[in-house]
Amino acid sequence: MTDSRDYPARPILAASAAVFRPDGRLLLGSRRNPPFDKVFSLPGGLVEPGETLQEAAAREIEEETGVRAEILGFNDWREVINRDDDGRIKRHYVIASFAARWIEGEGEPSEELGRVIWADAGHINTLDLTPGLPDIIARARTMLGFNA
């Protein structure tokens, strides 16, 4: 086991955020890399040493999409644990997810995200989403005063 993303020595801490525009549309991106390549998720990534979870979420959103957002509050957490064919833990992420308000930027693809979209509530239901994401989105919508 190592400190890399594959076969880590310990769980890896990450942060993400559900970023909403005033009209209720949500920022989503399709992942380019495993474990969920081509699947839509919230922008986010690894927390760097000395960085708060909120700072990490805001930084990752901007790095991955070019969108600036204000983190408004903690929403939920998820664990992603992937095992290889031998049953060994290949990846283990603990992801702190926040609710956020859009400040500026339209959203652009990046090295980590293939497609970046602003999805309304109806469109979200037609997308291939990472596990547990619909519940996280619903809670974030409620936190920000949008109908779930």
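The values are calculated or read from the model by the stated rules, or taken from the named source; none is laboratory data. All figures in this text were calculated on a predicted structure; none of them were measured in a lab. Glycine also receives a Cβ, built like all others from the backbone with ideal geometry; neighbour counts cover every protein chain displayed.
Where residues in segment 103-148 are free of Cβ contacts under 8 Å to residues at least 24 places away in the same chain and not in a loop (DSSP other than H, G, I, E, B), which of them is nearest to the chain's Cα centre (by Cα)? Across segment 103-148, the extreme among qualifying residues is Pro134. Selection of segment 100-118 for residues being in contact with a Ser or Thr (Cβ under 9 Å, 6 or more places away or on another chain) and either among the hydrophobic types (A, V, I, L, M, F, W, C) or surrounded by 15 or more Cβ atoms within 10 Å (Cβ to Cβ) (or both) yields Gly105, Gly107, Pro109, Ser110, Leu113, Gly114, Val116, Ile117. Meeting the requirement of 2 or more residues that are surrounded by 13 or more Cβ atoms within 10 Å (Cβ to Cβ) and among the polar types (S, T, N, Q), the strands (runs of 3 or more DSSP E) wholly within segment 1-85 are 68-83.
State whether the residues of segment 79-95 include one that is under 16 Å from Glu108 (Cα atoms), acidic (Asp, Glu) and at pLDDT 95 or above. The answer is no, given that none of the residues of segment 79-95 is under 16 Å from Glu108 (Cα atoms), acidic (Asp, Glu) and at pLDDT 95 or above.
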